[in-house]
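The values are calculated or read from the model by the stated rules, or taken from the named source; none is laboratory data. Predicted, not measured: the structure shown is a model, and the values here were computed from it. A quick note on method: Cβ atoms are made from the backbone with ideal geometry, for glycine too, and the neighbour counts reach across all protein chains shown.
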Amino acid sequence: MSLKRVLIVNKMFPSSGLELLKKELETTVLPIMDYEADSLATIKAKISAGFDGLIWNTKHRLTGEILDLAGSRLKAVTTNASGIDHIDTDELKKRNLPLGNTPSVLDNAVADIAIGLMIGAARRFKEGVKEIETGEWKSGVQWSLGQDIANSTVGIVGLGGIGQAVVRRLKGFDVAKFIYSGRTDKKEAKDLGVSRVPFPQLLKESDFIILCCPLTNETKHIINADSLGIMKKTSVLVNIGRGGLVDQAALYNALKSGEIFAAGLDVTTPEPLNKDDPIVSLPNCYIIPHMGSATVETRNAMAKISAENILLALKGKPMMCPIPL
Ligand SMILES: O=CC(=O)O
């Protein structure tokens with residue numbers, strides 16, 4: 001009997017997951033990266049060859065058109081990511097296709113990056129590094145004064161696994177008060193010492209705002225001209241969720257005019273961000289290229305879950321990390 005077939009979209013899929021898949025399935029790794037101009041066309045051309053499982057390890061949107069190209073042989077789909085905002089879940093549901101993702105195992109790595117961005121933005125790393133690189137170190141002047149984390153109020157937007165890991169890390173930083181906003185009360189909040197407040201209150205009171213929520217219709221542009229207008233002039237915004245949580249043009253204006261102090265971004269719109277994008281030129285916007293989960297251990301753990309999601313679903317069992325559709 002011939003083996004079932006799985007298509008892995010992205011040539012960098014870690015071998016930890018690939019080896020698991022190879023034990024039971026015929027694997028095809030598409031040799032593409034998202035930033036290559038013809039990557040989407042390559043996916044569309046290849047997917048119609050007939051696969052039982054699909055590991056969608058790309059930021060391209062998984063649409064009804066692509067699922068049609070995949071045809072009725074396809075029985076299981078997983079992202080190799082925690083976020084599912086690039087998946088047209090209605091189209092999967094219509095076709096009765098199960099979807100999995102790789103949550104939780106990346107919480108610590110992403111939370112580390114949030115802390116890095118907080119410090120980097122609040123303490124003006126970008127300007128400092130530039131001085132070194134250009135040989136213009138202005139020793140002794142006061143240009144570099146930043147904002148303290150000690151005695152601050154930290155507002156977490158979305159107290160899920162990542163938001164909780166951020167709070168746990170900040171416990172050693174002498175933060176005065178932790179608050180969070182979100183759709184529901186989180187049972188972990190009490191033990192962590194975080195109080196739930198309405199979003200406008202979080203905007204008004206926080207010295208640091210950390211966006212840790214998924215991108216949905218409700219959270220799109222949750223940070224916009226109005227919300228930036230409520231924030232403190234000294235506040236620092238950190239985004240480790242998705243670029244679409246922020247109206248980037250409004251953020252540019254707020255940073256340029258000094259309406260807020262600084263921002264640290266792991267995620268932007270679009271990705272990759274063009275080096276000529278106006279926001280890149282701002283000294284108070286510290287941007288890194290979506291590296292939240294980028295550690296060896298974390299990416300290996302994610303790939304193993306992706307592999308298990310597909311292996312289980314192709315045996316008719318529930319995925320290790322299923323998304324209810
Ligand atoms: O951004 C990373 C992820 O969603 O896994």
Open item on the list: I'd like the full set of residues that are in contact with a Pro (Cβ under 9 Å, 6 or more places away or on another chain) and touching a residue at least 24 places away in the same chain (Cβ under 8 Å), limited to the stretch 278-300.
Closed with: His290, Arg299, Asn300
Open item on the list: Given the condition within 16 Å of the ligand (Cβ to nearest atom), charged (D, E, K, R) and either under 24 Å from Pro272 (Cα atoms) or buried (at least 17 other Cβ atoms within 10 Å of the Cβ) (or both), answer yes or no: does some residue in the stretch 22-41 qualify?
Closed with: yes
Open item on the list: So, in the stretch 166-221, exactly how many residues are more than 21 Å from the chain's Cα centre (by Cα) and among the hydroxyl-bearing types (Ser, Thr, Tyr)?
Closed with: 2
TODO: Of all residues in the stretch 14-47, count the ones that are in a loop (DSSP other than H, G, I, E, B) and either at pLDDT 95 or above or among the basic types (Lys, Arg) (or both).
DONE: 4
Task: Test set (1) away from the ligand (no atom under 16 Å from the Cβ); (2) not assigned by TED's automatic domain parsing to the domain that holds Gly243 - Ile115 fails condition number - done: (2)
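Before we move on, is Pro214 part of a loop (DSSP other than H, G, I, E, B), within 16 Å of the ligand (Cβ to nearest atom) and surrounded by fewer than 14 Cβ atoms within 10 Å (Cβ to Cβ)?
Against the criterion (part of a loop (DSSP other than H, G, I, E, B), within 16 Å of the ligand (Cβ to nearest atom) and surrounded by fewer than 14 Cβ atoms within 10 Å (Cβ to Cβ)), Pro214 does not qualify.
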- [ ] With the checklist (1) over 24 Å from Arg124 (Cβ atoms); (2) in a loop (DSSP other than H, G, I, E, B); (3) within 15 Å of the ligand (Cβ to nearest atom) in hand, flag the one item His221 doesn't pass.
- [x] (3)
Open item on the list: I'm told Ala76 meets every condition in (1) in the same structural domain as Pro31 (by TED's automatic domain parsing); (2) within 16 Å of the ligand (Cβ to nearest atom) except one. Can you identify the failing condition by its number?
Closed with: (2)
